[in-house]
Each structure stands twice: as structure tokens, then as C-alpha cells.
Amino acid sequence: MYAERRRRLLDRIGRSVAVFIAPREAIRNDDVHHDFRQNSDLFYLTGFEEPSVVLVLSATDPDNPKSVLFLRTRDPEREIWDGARLGIERAVSDLGMDEAYPIEDLETKLGELVLGSENLYYDLGRSDREYNDEIVMTAFTSAKRRKRRANVVPDGIQDSSPFIHEMRLFKTAEELEVMREAAHLTSIGHSRAMEVAGPGVCEFQVEAAMEFEWRVRGAERNAYPSIVGSGPNACVLHYRAGKRALQDGELVLVDAGCERGYYACDVTRTWPVSGQFSEAQRKVYAIVLDAQKKAIDACRTGSTMVKVHDVATRVLVKGLIGLDLLEGTVDSVMENESYKRFYMHQTSHWIGMDVHDVGTYMTDGQPRKFEPGMVLTVEPGIYISPHDDTIPEIYRGIGVRIEDDILVTEGAPENLTYQTPKEIDEVEALVGSKPLAL
């Protein structure tokens, strides 16, 4: 699979070289590191998770394209502390590389590999890769200085994203199976979060109960830091789970998903702490749920994210007008954008190896049309500030978002996260049904 991806990319770049560099290990505090996660592009092409690794794809000889890996050598002393390393010899046999060298040789050999290349592809200018940028720039400069020797050298450094990110945008059957696994585990976690929720339970306890379920079943990590916002915190879009205790009569909004096999899941559910929606909460929730269902149905071949957002927003606007929270017609509110007081974000984004995954949103200045194999989120919401005294008190502090991950197919869209409860009756039946045993 990984060798085939490299072959496809080599075919696309022509007589050129592409460089992919692992992120540097980051210090959390003192000598404690943050957990390392491989760069998504690099893992997509190698399946290799070690740090201090660089992949060079060279098609300077069209008849002999090659994959070259720079990585750490075996070190028995360090392996006692940090675990086994693959090593140079096994990089060729186990990863299907054509050549492998010690990472210490990168700076001297990269300049040689660039010679004869018409283009040098590298994702330059990322804020987290300044050291890596310097290595690539040095190799580029070295090649330019030896133009007479090689005759052909790159004129500049070009972004590799248009090639590899276009590949990543379209999920294969194998990738979709992994995404379905991540969705299944995420569903189990969200269901457990609903079961343990109740007055007096803290946000971080809901978070822990949820994340335990997917980690114990094989998820490697969270796809992103979990959002668990109760009461007024449900109106904070990127709130993190804190110490606040859930209170009777409030809602709790959970936006969380696991990562399985380097593929992310992204789900949001909202439910009443008491297990029963108040009349006002039920009305707002029903509007958001209706908007989400109609937006999901719009995720069909030939549609666009702009259309999906428009479908969702119009339903939300109509509902908010019906609650007397907005004034005017649906068209006038859409035009003056007064709805952004309650709905301020977009409805969708791509999802895959990254939770906000790669892929362009526009083509030739127009919204990109959906094609089979694309996966996106659909996540409308309504957020009513607890501090807005112009709003009837019964609605203040209500924050509702409902989110699923949707696959575009040849026919009807497939909801990958359908197992996570969201209908009012099933949510109410689940909340508080299996409290934490502390």
C-alpha cells in the first residue's frame, strides 16, 4: 500500500525530487517529551512512526525512480531507554525502500539527490519546521552552485501539497474501513459519556469515561483535545474539559473523537444533564438536528460545501425566526447575516488523517464539487450567550451542536458515525443510565 502510494506520487512529480521530514520531538517540560505523532504525509507514504526520519522521493532518472529513507541507526544503549529502532538494514526490506542511510548523512547526501532534478518539492514555511526548512534550503543552494556539473537543477522550491494532498483527499476502501473503525470506537465513547452524565459529575470525569472506552479498545490517541462543555461552556466553541460540575437543567456539549490507524473521527453530541430536555432546549435541539439531517442529505456528488452550509443555515435561520430570536424573512436574514450572532462557524471541513484534513475547498475560484471518496463533517449549531439580556431567559446559555462524518458516494451519502445516538428519545433514554462508580 505505502509503496504504491510512493509510486503514484513519483509518477506525478515528473523528473523531480520530493522531500518529507518528520516533526521534531517536542519537550513538554524539563526532560519529558510530548507524545510523538508522525507527520501525516510522511506516514501516508511510509507507514513508519519513528521520529528523526526523512523520506526523499527521486524521479530524476525516469527509468529508475527511487525511495530513499534517512533514519536513526540501531543504538543498543538508547534502545534500552526508548525502545527498539528499525535501523538502516531493515528499512529497505521492511519498508520497501530502495536506499536507506543514517539520519546524520542527510545534510551531505540531500544536496547530491537534488542534482538533476527539475523541481524540488517540499512544504516550505510551516511554523513548526524552521529547522527542517534550513536543511532543505541548504541542499537547494548546494545544488544551484553545482549547476554546471549536473546541468539540471531546480529553479526553486515548490509546495508538494497539490500532489499528495489531492491523493489523500480521496479515501480508498482500505482507508474507509479504518475510518469506520475509528467511528465505531468514537460512538462507544460518546455513548458512555452520556451514560455517566448527571448533576454533580465533572466535565473531566465525562471526558475520562469517554476516552477510556476507545483507548481500551485500541485507539492510539485522541484525534484532538476533547471538548466537554457544560452549561455556559457549551457556548464556547473550543472549550476544553475542565473541573466544572454538570448542573441539573443544563446541557452538556461534547465534541470529541479518537484516532485509529492514523485516521481521525470527529463527532459532536449535545444532551441534557438531567436526562430530559426542557421545552426551550428541545426546541433549539430539534432545529439543529433538522438542519444537520438536511445538510447531510446535501452531501452528494456534484454538491459543494457552500451548498451544504447554505442548506444548514437556512434551516437554522427559519427555526430561530420561529422562536422570535431573529427578525425578518429567511432571505433577508441570510443576506444581512444577523444569524451569525447564534451560528458563527462553517458547517463542514474535510476529515481524514488530520481532523481538519487536507484538500482544497475551491477549484478555479469556485467551490469544489464533491466526488465519491471524499469525507467531510456536517456540524451545524446554535449558541445563545448566557449574558445576552435581549434574549428571553429560557434560551440563554443554550449551546447545541450535532456533528457527524459523512462519506460522499455515487448515490446517497454514508454517515460513518451513525452509531452515535442523536435522536431526542434515544439520547434522553441513555443519559445517566449507568453512573460512574467512584
Positive-end residue of LEU71, ILE321, PRO51, charge dipole of the chain with Cβ unit charges | LEU71
Evaluate the charge dipole of the chain about its Cα centre and quote only its size in Debye, nearest 20, assuming +1 on the Cβ of each Lys and Arg and -1 on the Cβ of each Asp and Glu.
-> 680
Going down the list LYS109/LYS144; LYS283/LYS422; LYS171/LYS422, which pairs span over 18 Å between their C-alpha atoms?
-> LYS171/LYS422
Give the Kirkwood hydrodynamic radius (Å, one decimal) of the range 3-50, defined as one over the mean of 1/r across all pairs of different Cα atoms.
-> 12.6
Hey, what do the phi angles of the range 367-374 turn into as Karplus ³J(HN,Hα) couplings, whole Hz, using 6.51/-1.76/1.60 and θ = phi - 60°, x for Gly and Pro?
-> x, 5, 7, 5, 9, x, x, 7
On average over all directions, what projected area in square nanometres does the range 185-293 have, based on the convex hull of its Cα atoms?
-> 6.5
Inter-centroid distance (Cα atoms) of the range 58-134 relative to the range 295-311, Å | 41
Range of Cα positions in the range 308-359 per principal axis (Å), largest first = 41, 17, 15
Within a Cβ distance under 15 Å of GLY411, other residues only, what is the Lys/Arg minus Asp/Glu net charge?
-> -3
If the chain between ASP75 and ARG282 were fully stretched, how many nm would it gain, using 0.36 nm times the residue separation less the Cα-Cα distance?
-> 68.5 nm
In what order do PHE170, PHE277 fall by count of nearby beta-carbon atoms within 10 Å, going from fewest to most?
-> PHE170, PHE277
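Quick one, could you list the DSSP H helices from the chain stretching 15 Å or more along their long axis (Cα atoms) with average Kyte-Doolittle hydropathy of -1.0 or above?
Once both thresholds are applied, what remains is 130-145, 173-196, 203-216, 279-297, 305-322.
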About its Cα centre, how strong a charge dipole does the range 58-102 have in debye, to the nearest 20, once Lys and Arg get +1 and Asp and Glu get -1 at the Cβ?
-> 140
Note on the range 170-430: C-alpha Rg/Rh, Kirkwood Rh, two decimals, gives 0.96
The chain, Cα convex hull volume normalised per residue, Å³ = 171
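Provide the FRET efficiency to the nearest 0.05 for the ASN29-ASP331 pair, computing r from the beta carbons and using R0 = 60 Å.
My answer for the efficiency is 0.65.
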Would you be so kind as to identify which of VAL153, CYS258, MET1 lies farthest towards the positive end of the dipole of the chain, taking Lys and Arg as +1 and Asp and Glu as -1 on Cβ and the Cα centre as origin?
-> VAL153
Just how far, in whole angstrom, is the range 365-438 from the range 166-240 if you go by their alpha carbon centroids?
-> 13
Answer in debye to the nearest 20: the dipole magnitude of the range 2-160 about its Cα centre, from +1 Lys/Arg and -1 Asp/Glu charges placed on Cβ, is 760
Gain upon complete extension [GLU112, GLU423; 0.36 nm per residue less C-alpha separation] = 105.9 nm
If unit charges are put on Cβ atoms (+1 for Lys and Arg, -1 for Asp and Glu) and the dipole of the range 172-222 is taken about its Cα centre, the option from LEU176, PHE212, GLY200 lying farthest towards the positive end turns out to be GLY200
Expressed as cubic angstrom per residue, what is the convex hull volume of the alpha carbon set of the range 2-160?
-> 115
Only helices counted: for the chain, with every DSSP H run of 4 or more residues adding -39500 (n - 2.57) and the sum spread over all residues, [θ] at 222 nm is -11500 deg cm²/dmol
Across the range 309-424, how large is the tail of the calculated P(r) beyond 24 Å, expressed as a percent of all Cα pairs?
-> 38
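Rule-based calculations on the coordinates, nothing more; no lab input. Small disclaimer: the values here were computed from a predicted structure and weren't measured. Cβ atoms come from the backbone with ideal geometry, glycine included; neighbour counts cover every protein chain shown.
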